[in-house]
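Taking it in order: structure first as structure tokens, then the write-up.
The values are calculated or read from the model by the stated rules, or taken from the named source; none is laboratory data. For clarity, every value in this text was computed on a predicted model and none was experimentally measured. So basically every Cβ, Gly included, is an ideal-geometry build from the backbone, and we count neighbours across all protein chains shown.
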Amino acid sequence: MTQRTSIQASAADALAWLKDGATLAIGGSLFHNKPMRLIREIARRRTRGLTVVAITQASIDVDLLIAAGCVAEVRVPYLGFEYLGLASNFRRHAADGRLRVWDCDETQVIAGIEATAKNLPSGITKTGVGTDLLRTNPDLRAIDDPITGEPMVAVPAIRPDVSIIHASRGDRWGNLTYAGYPFSDVLIAEATRRCGGKVIASVDELVPPSLISADPFRTTIAHILVDAVVEAPWGAHPCSSHGSYQYDEAYIENYQVQARKGELEMDSWLNEHVRTQETHEAYLDRSITPSRLAALRKDIYAGS
């Protein structure tokens with residue numbers, strides 16, 4: 001009998017699929033379930049010219065990649081830090097023309113990703129009808145629904161070359177279990193595989209396949225949608241991983257302080273927290289103490 005193949009990989013090996021100029025989709029939302037271990041590796045490798053798609057909200061994940069000079073275009077409905085303030089690196093790079101902003105709302109990004117998942121050239125949504133989005137984003141087209149005649153907006157299919165997502169647990173074959181809400185990660189994985197892209201998942205814990213198969217109904221994303229799985233305890237930090245730990249507000253606030261000061265201070269922060277931390281273990285040792293880890297475990301979003 002043929003032995004089943006493990007797809008466990010290091011972050012560096014998995015991200016070899018991500019080339020300069022690629023379209024990168026990022027899972028999670030705002031401060032939650034963000035694949036920050038993989039984000040830091042992309043920044044450390046200095047990948048360039050990326051078109052970054054995030055469904056539906058982005059924060060430190062995309063802002064950090066922008067600060068590191070990795071991003072040419074963003075397709076993100078919301079990029080900010082909610083009550084912790086605006087995304088300073090995003091604002092600077094967009095204001096001086098270093099960054100293209102693909103104007104959109106949530107449903108337009110979702111429609112573009114859904115179109116790819118369904119192997120269609122475009123998706124349709126009512127969001128944007130009668131707004132300036134049709135003027136500021138020439139990729140969005142006003143159309144009439146062929147059945148009812150209602151005004152609609154057509155969105156071109158968004159085809160990720162690589163997608164990165166984060167789950168609480170997974171096995172070496174790529175089956176993923178989410179202890180909390182998966183946001184749009186399933187849709188992202190379906191679309192990426194449909195168009196021939198690669199799906200990379202980081203997991204806080206890599207468990208034996210027998211634990212996954214013992215309770216298959218808790219498998220959120222099946223192995224057929226995943227190309228590589230990277231074991232990364234605390235791999236979403238400083239964001240949360242539902243069911244495992246809360247987001248690290250103090251760390252994010254410190255990031256925000258440095259980002260507001262300017263590009264020199266931001267570059268210094270990147271050197272200290274990203275570029276010189278060649279391993280995930282080194283990052284954890286540098287960034288969070290055992291007592292801080294214990295505190296983040298106390299306030300979580302979902303039971304395991």
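Tabulated results
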quantity: Unique residue being over 19 Å from the mean Cα position of the chain (by Cα), buried (at least 22 other Cβ atoms within 10 Å of the Cβ), at pLDDT below 95 and not in a helix (DSSP H, G or I) when the list is Gly123, Gly128; calculated: Gly128
quantity: Residue, surrounded by the most Cβ atoms within 10 Å (Cβ to Cβ), within the stretch 154-184, restricted to residues that are more than 17 Å from Thr116 (Cα to Cα) and of a type in the set (A, V, I, L, M, F, W, C); calculated: Ala167
quantity: Criterion: hydroxyl-bearing (Ser, Thr, Tyr), more than 30 Å from Leu206 (Cβ to Cβ) and touching a strand residue (DSSP E or B) at 6+ places or on another chain (Cβ under 8 Å) - qualifying residue of Thr127, Thr148, Thr131; calculated: Thr127
quantity: Residue check for Leu99: without any contact (Cβ under 8 Å) to a residue 40 or more places away in the chain, farther than 25 Å from Gly170 by Cα and in contact with a His (Cβ under 7 Å, 6 or more places away or on another chain); calculated: yes
quantity: Residues located in the stretch 99-121, provided they are more than 18 Å from Ala54 (Cα to Cα) and touching a strand residue (DSSP E or B) at 6+ places or on another chain (Cβ under 9 Å); calculated: Pro121
quantity: Lone unmet requirement of (1) surrounded by 14 or more Cβ atoms within 10 Å (Cβ to Cβ); (2) in contact with a Cys (Cβ under 9 Å, 6 or more places away or on another chain) for Gly85; calculated: (2)
quantity: Per-region count, the stretch 267-281, residues among the acidic types (Asp, Glu) and within 15 Å of Asn89 (Cβ to Cβ); calculated: 1
quantity: The stretch 191-224, subset more than 17 Å from the chain's Cα centre (by Cα) and among the aliphatic types (A, V, I, L, M), residue farthest from Ser10 (Cα to Cα); calculated: Ala214
quantity: Condition broken by Ala111, with the remaining ones in (1) under 22 Å from Ala43 (Cα atoms); (2) over 17 Å from the mean Cα position of the chain (by Cα) satisfied; calculated: (1)
quantity: Filtered residue count, the stretch 167-185, keeping only those that are of a type outside the set (S, T, N, Q) and out of contact with any Phe, Trp or Tyr (no Cβ under 9 Å at 6 or more places or on another chain); calculated: 9
quantity: Filter result for Arg40 (touching a residue at least 12 places away in the same chain (Cβ under 8 Å), out of contact with any strand residue (DSSP E or B) (no Cβ under 8 Å at 6 or more places or on another chain), crowded, with 17+ Cβ neighbours inside 10 Å and under 28 Å from Glu281 (Cα atoms)); calculated: yes
quantity: Output for the stretch 71-114, where each listed residue is out of contact with any Pro (no Cβ under 7 Å at 6 or more places or on another chain), farther than 26 Å from Met266 by Cβ and among the hydrophobic types (A, V, I, L, M, F, W, C); calculated: Ile110, Ala111, Ile113
quantity: Selection count where residues are of a type in the set (Ser, Thr, Tyr), over 18 Å from Ala228 (Cβ atoms) and at pLDDT 95 or above, scope the stretch 1-35; calculated: 1
quantity: Sole residue being surrounded by fewer than 16 Cβ atoms within 10 Å (Cβ to Cβ) and touching a residue at least 24 places away in the same chain (Cβ under 8 Å), chosen from Gly28, Gly21; calculated: Gly21
